[in-house]
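J.: One structure, pasted below without further comment.
Only the coordinates and a few stated rules stand behind these numbers; no lab work does. Bear in mind the structure is a predicted one, so any value in this text is a computation, not a measurement. As a convention, Cβ positions derive from the backbone with ideal geometry for all residues, glycine included, and neighbour counts pool all protein chains shown.
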Ligand SMILES: *Cc1c(COP(=O)(O)O)cnc(C)c1O
C-alpha cells in the first residue's frame, strides 16, 4: 500500500511541504536539496536492517550487502577528503561531536569552542543546556565586534586555559579559516584540533575553501548541508591525528558504537555513499564555485542597498545581516521574508545584546538556490527583493516589555500575510522559482 492510501494525512502534509520547497527561495544556509538518487537510498529497504558493529564484525546476521555498502561509503569518504580513516555511522552532527569528546576526553576535561552567539554550535561547549557544557569544562572564545575571530586572542585563551581539545567550525561565520594557525595553537598547548566543517564540507570538496586535512586531528562533518547528502554525519581522522594518538581510529569507532549509538542507519549510510559519489564528479566543483560566486553577488547587492553585513561581506556560502541599524529584530524580518516566500533564519549578530530567541540579525545563504541552477543575475534580483521587504517592515517597534514580544510577533504575522508589498514579492518569487526546478 502506498503512502497516500495508507496514511492520507501524512501524505498530504508531505505533498504540501514538497510544494513549499518548490515555490519558495530556500535560503537557510544549512539546508539544501538532496538529489533524487540520495532520497531513493534513504527511502530504500535498508531501513529494515539491523547492523550493530562494523563491516565484517557485526552483532547481527544477514549483513553481507550492508557491509559492502558501508565499505564503499568509507572508501569514498577517505578518497574524497584524503584521510586514512572514516566513520560514516554517526546519526547526525551533534552525536558525532559527542563521539569525538567521548573518544578523546574524560568528563571534566576542558573543551574550547566558539560561543553560540559568535556563530559556534551548541555542541562546542555551550554552557548549562548542552552535554558539551555540562559534562566538560567549557571555555569559549568569541568573534570581535566586527564579526571576525581574532586568532591572537584565541591563542592567548588557549595558553591560559590549556584545553584538551580546540573546536573550530561554525554555523554563521562568513569567512575562510586559516587551518594552519589553528593547528599551531592546538600544538602549542598539546590539544587535539577538531575541525567541524558541517557547513563548508561541500565547499572544501569543491576546492573553494581550504581543506583542514593537513592540519586538524579529527574532522566532523554533517552530510546534509553543502555536501548535499542525507541527514547524517561522518568522522574523518587525519594522519596528523593518528600521529598524535595511534589508537585514535579505534577510540573514535568505539565511541560511536557501542559508546553512544546502537544500530547504524544503513539507509542513510547508502545515501551518504551516493552523495560522496556525486560530490566526486566535476559538476560538483562547478556547483561549489557557483555557491560562492552567488553569495558574493548577493552580499554585494545587499551592501550596495545600504544593509550591514557581519564582517562586511562573505567568502563562503552564507552571510549574516546585522539589523541593528534598522532597529528591527531578526524575528520580524524573517517572518516578513517568509510572507514574501523567501525563507531565511533569524540569527544572533556579534556581541548581540538580545537573547538568541529574539536576535538582531538574519542568516542567509546560497547552497539550496544554487542547486536549482540560479546564478548571479537571480542573486541581484533576490537581493533587491530582500532589501525591499526589510524596508517594508522596519517601522515595527517591539513593545517595551520582553514578556509582550511573543504576542506582538504573533499579531504582526497576520499584518504581514496581508501586506500588498510582501504579497507582490511573494508572487514574483513564485514566478522565478517556477523556472528553476528542484531535484
Ligand atoms: C549543523 C551543525 C552541527 C550539528 O548537526 P546536527 O545534524 O544538526 O546535529 C554541528 N556543528 C556545526 C558547525 C553545524 O553547522
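J.: State, as an integer percentage, the relative contact order of the range 282-435 based on alpha-carbon contacts under 8 Å between residues 6 or more apart. List each step's numbers first, then the result.
T.: Working: 223 pairs, mean separation 42.0, N = 154.
Dividing the mean separation by the residue count of the range 282-435 yields 27 percent.
J.: Right, here's the next one. If R₀ is 30 angstrom, what is the calculated FRET efficiency for the pair residue 176 and residue 421, using the beta carbon separation as r and rounding to 0.05?
T.: My answer for the efficiency is 0.20.
J.: Further, regarding this structure: In degrees between 0 and 90, to the nearest 10, how far off the longest principal axis of the chain does helix 93-104 point, with axes built from Cα atoms?
T.: It works out to around 30 degrees.
J.: Evaluate Rg over Rh across the range 283-360, taking Cα atoms for both radii and Kirkwood's formula for Rh.
T.: My calculation of the ratio gives 1.01.
J.: Relative to the compact-globule scaling 2.2 N^0.38 Å, provide the ratio for the alpha-carbon radius of gyration of the range 348-439.
T.: With N residues counted in the range 348-439, Rg over 2.2 N^0.38 Å equals 1.31.
J.: May I ask you to derive the relative contact order of the chain, considering only C-alpha pairs under 8 Å and at least 6 residues apart, and to give it as an integer percent?
T.: Relative contact order of the chain: 21 percent.
J.: Place the peptides 211-221, 241-251, 33-43 in order of packing, highest mean first, counting for every residue the other Cβ atoms within 10 Å and averaging per peptide.
T.: Ranked by mean Cβ neighbours within 10 Å, highest first: 211-221, 33-43, 241-251.
J.: Taking N as the number of residues in the range 384-433, what is its alpha-carbon radius of gyration divided by 2.2 N^0.38 Å?
T.: Expressed relative to 2.2 N^0.38 Å, the Cα Rg reads 1.34.
J.: Right, something else. Using every pair of alpha-carbon atoms in the range 163-225, split the distances into 10 Å bins beginning at 0 and state the percent of pairs per bin, rounded to integers.
T.: 23, 56, 19, 1
J.: Report the paramagnetic label zone for residue 308: residues of the range 366-405 whose backbone N is under 19 Å from a point 7 Å from Cα along the Cα-to-Cβ axis.
T.: 387-398
J.: Can you tell me the orientation of helix 420-434 relative to the chain, as the angle in degrees between its alpha-carbon axis and the longest Cα principal axis, to the nearest 10?
T.: The helix 420-434 is inclined about 50 degrees to the chain.
J.: Something else about it: Cα convex hull of the chain: mean projected area in nm², to one decimal?
T.: Details: hull surface 86.4 nm².
Averaged projected area of the chain's Cα convex hull equals 21.6 nm².
J.: Which percent, nearest 5, of DSSP beta bridges in the chain are antiparallel?
T.: 55
J.: How many percent of all Cα-Cα pairs in the range 1-114 sit more than 20 Å apart?
T.: 65
J.: Treat the range 214-268 as a sphere of radius equal to its Kirkwood radius over Cα pairs and apply Stokes-Einstein at 4 °C in a medium of 1.567 mPa s; give the translational diffusion coefficient in µm²/s, rounded to a whole number.
T.: Using the Kirkwood radius from Cα pairs, D works out to 104 µm²/s.
J.: Expressed in nm to one decimal, what extension gain is obtained for the pair residue 79 and residue 12 from 0.36 nm per residue of sequence separation less their Cα-Cα distance? Walk me through the numbers before you get to the answer.
T.: Values: separation 67, 0.36 × 67 = 24.12 nm, distance 4.08 nm.
Length difference between fully extended and current span is 20.0 nm.
J.: Compute log10 of I(q)/I(0) for the range 223-336 with the Debye formula, placing one identical point scatterer on every Cα and leaving out solvent, at q = 0.14, 0.22, 0.24 Å⁻¹, to two decimals.
T.: One equal scatterer on each Cα of the range 223-336 leads to -0.87, -1.15, -1.25.
J.: Can you pull the three principal axis extents for the Cα set of the range 17-78, in Å, largest first?
T.: Here the Cα extents, ordered largest to smallest, are 45, 27, 17 Å.
J.: Any chance you could list the semi-axes, whole Å, largest first, of the equivalent ellipsoid that the Cα gyration tensor gives for the range 255-315, using √(5λ)?
T.: 38, 19, 8
J.: Right, something else. So what is the relative contact order for the range 213-324, in percent, with contacts set as C-alpha pairs under 8 Å and at least six apart?
T.: 18
J.: Which log10 I(q)/I(0) values, to two decimals, does the range 282-435 give at q = 0.09, 0.15, 0.16 Å⁻¹ under the Debye formula with one point per Cα?
T.: Once normalised to I(0) and log-transformed, intensities are -0.28, -0.77, -0.87.
J.: Same structure, new question: For the chain, take the longest principal axis of its alpha carbons; what is the angle in degrees between that and the long axis of helix 266-279, to the nearest 10 within 0 to 90?
T.: 70
J.: log10 I(q)/I(0), Debye, Cα-only the range 139-262, no solvent, q = 0.09, 0.17 Å⁻¹?
T.: Those come out to -0.26, -0.94, one per q.
J.: Radius of gyration and Dmax for the range 41-279's Cα atoms, expressed in Å?
T.: Final numbers for Rg and Dmax: 17.3, 56 Å.
J.: Distance in nm between label sites at residue 152 and residue 190, each 7 Å beyond Cα in the beta-carbon direction?
T.: Using points 7 Å along Cα→Cβ, the separation is 2.8 nm.
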